[in-house]
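Novice: Take this structure, written in structure tokens, and hold onto it; I'll ask about it next.
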Amino acid sequence: MQDSQVPILRLSQGHLNLLELCPRKFQHTFLEKLSSPLNPEYEEKQKLGSRFHLLMQQQEMGLPISTFLQEDEKLGQLMTAFAKAAPEILAPNITPNNSEAFRESEHYRTLQIKNNLLTVIYDLLIADEQQAQILDWKTYANPPSRRHLEQNWQTLLYIFVLAETSDYLPENISMTYWFVQSKDKPQSMKFTYSTSQHEKIRKKLTQLLTRLSNYLENYYQSQEFEFPQIPESSKTCKNCNYFTRCYGDYTEANLDGSDSINRIDANLLNVANIQEVSL
Ligand code: SF4
């Protein structure tokens, strides 16, 4: 299939992270949508994260938030602690340069590379004439290591896309994560950027997208083709919901009903039917 005939594939950092972690998992999760039920504890944490993001968005838009805070004690605690730790973020139009700033929550940007539409949504973008800051809220309790975050596609893609789609030099772009539920008080982790990092990411991204394009081409040309697996002994496999399907005693005969339907659906898919992978 020619590139020009392949529909646009919308990709977020989550897709890139999963593709890099395990291509087969990407196939099952996004192409065949074989998702498993969420762990209730994780689901609860996700809800808190969504509520906090909504609250910050309301606040940024100048809408009243007091009712939310009164009704949700946990949210109130998080917001109070965050306001104390980072008053400058909640104060509009104040930047480190003390100049007027552009601010937008849930700021959406895309960058097209061949048939991939790379999509990012910044929790908050603050930009003035000299610099642009991307801010991201995290509501889980234990911040990951700096090393982990600097290799994560969220960091890489978010900064890369801004550098590619704006006039800011990479050196004038930063990304800061705020862990609003850290043990004692909210903590932040800031990543600065440079032209050499930008070029490294471009190379890494090009390689990953080329791999994806090759996998997809094979996947839709042959019913037998499956995206590559990673070694069974890896920690990722041990914690993976698809372990039985990949390495266990898995046959079509022991699929449950819903799984079968998904598998059949997947077999009926072709590239022409796949407009995008949802975020
Ligand atoms: S079990 Fe391992 S190879 Fe299979 S999808 Fe999961 S991580 Fe990938």
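The values are calculated or read from the model by the stated rules, or taken from the named source; none is laboratory data. None of these values were measured; they are calculated from a predicted model. Ideal geometry is used to build each Cβ from the backbone, glycine not excepted, and the neighbour counts take in all protein chains shown.
Novice: Identify, from the list SER233, SER194, SER182, SER222, the residue that is exposed (fewer than 15 other Cβ atoms within 10 Å of the Cβ), over 23 Å from ARG24 (Cα atoms) and polar (S, T, N, Q). First the steps, then the outcome.
Specialist: On the way: SER233 fails: over 23 Å from ARG24 (Cα atoms); SER182 fails: exposed (fewer than 15 other Cβ atoms within 10 Å of the Cβ); SER222 fails: over 23 Å from ARG24 (Cα atoms).
Within the list SER233, SER194, SER182, SER222, the selection yields SER194.
Novice: Continuing with the same structure: Given the conditions (1) exposed (fewer than 13 other Cβ atoms within 10 Å of the Cβ); (2) away from the ligand (no atom under 16 Å from the Cβ), which single one is not true for LYS238?
Specialist: Just one mismatch for LYS238, condition (2).
Novice: I need the full set of residues from segment 130-150 which are farther than 25 Å from PHE52 by Cβ and surrounded by 14 or more Cβ atoms within 10 Å (Cβ to Cβ), in order please.
Specialist: So the first thing to find is which residues in segment 130-150 are farther than 25 Å from PHE52 by Cβ, and the list is 130-131, 147.
Of everything in segment 130-150, just one residue is farther than 25 Å from PHE52 by Cβ and surrounded by 14 or more Cβ atoms within 10 Å (Cβ to Cβ), namely GLN131.
Novice: What's the number of the condition ILE134 fails, among (1) closer than 17 Å to SER188 by Cβ; (2) assigned to a helix (DSSP H, G or I); (3) among the β-branched types (Val, Ile, Thr)?
Specialist: Checking ILE134 against (1) closer than 17 Å to SER188 by Cβ; (2) assigned to a helix (DSSP H, G or I); (3) among the β-branched types (Val, Ile, Thr), the one that fails is (2).
Novice: Here is a check on your reading of the model: is LEU205 within 16 Å of the ligand (Cβ to nearest atom), part of a helix (DSSP H, G or I) and at pLDDT 95 or above? Step through it out loud before you land on a result.
Specialist: Values: within 16 Å of the ligand (Cβ to nearest atom): no; part of a helix (DSSP H, G or I): yes; at pLDDT 95 or above: yes.
No.
Novice: Moving on. Which one of the conditions (1) within 16 Å of the ligand (Cβ to nearest atom); (2) at pLDDT 90 or above does PHE82 fail to meet, given that it meets all the rest?
Specialist: Result: PHE82 passes all but (1).
Novice: I've got another one for you. So for segment 269-278 (the condition being surrounded by fewer than 15 Cβ atoms within 10 Å (Cβ to Cβ), within 30 Å of LEU149 (Cβ to Cβ), modelled with pLDDT under 90 and away from the ligand (no atom under 15 Å from the Cβ)), does at least one residue qualify?
Specialist: Yes.
Residue-by-condition table, conditions (1) within 12 Å of the ligand (Cβ to nearest atom); (2) under 24 Å from CYS246 (Cβ atoms); (3) modelled with pLDDT of 90 or more:
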residue	(1), (2), (3)
ASP3	no, no, no
ARG10	no, no, yes
GLY14	no, yes, yes
LEU18	yes, yes, yes
LYS25	yes, yes, yes
HIS28	yes, yes, yes
LEU34	yes, yes, no
PRO37	no, yes, no
TYR42	no, yes, no
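Novice: Where in segment 46-94 are there helices (runs of 4 or more DSSP H), lying fully within it, with 3 or more residues that are loosely packed, with under 12 Cβ neighbours inside 10 Å? Don't jump to the end; show me each part of the working.
Specialist: Details: elements: 66-71, 73-85, 87-90.
So the answer is 66-71, 73-85.
Novice: Follow-up. When you scan segment 103-130, how many residues do you find that are assigned to a strand (DSSP E or B) and on the phi > 0 side of the Ramachandran plot?
Specialist: Keep residues of segment 103-130 that are assigned to a strand (DSSP E or B), which gives 103-113, 116-127.
Checking which are on the phi > 0 side of the Ramachandran plot leaves us with 106.
Number of matching residues: 1.
Novice: Just the residues that are farther than 11 Å from GLN13 by Cβ and not in a loop (DSSP other than H, G, I, E, B), please, taken from segment 160-174.
Specialist: Looking only at segment 160-174, we keep the residues that are farther than 11 Å from GLN13 by Cβ, and these are 162-174.
Once the filter is applied, which keeps residues that are farther than 11 Å from GLN13 by Cβ and not in a loop (DSSP other than H, G, I, E, B), segment 160-174 yields LEU162, ALA163, GLU164, THR165, PRO170, GLU171, ASN172, ILE173, SER174.
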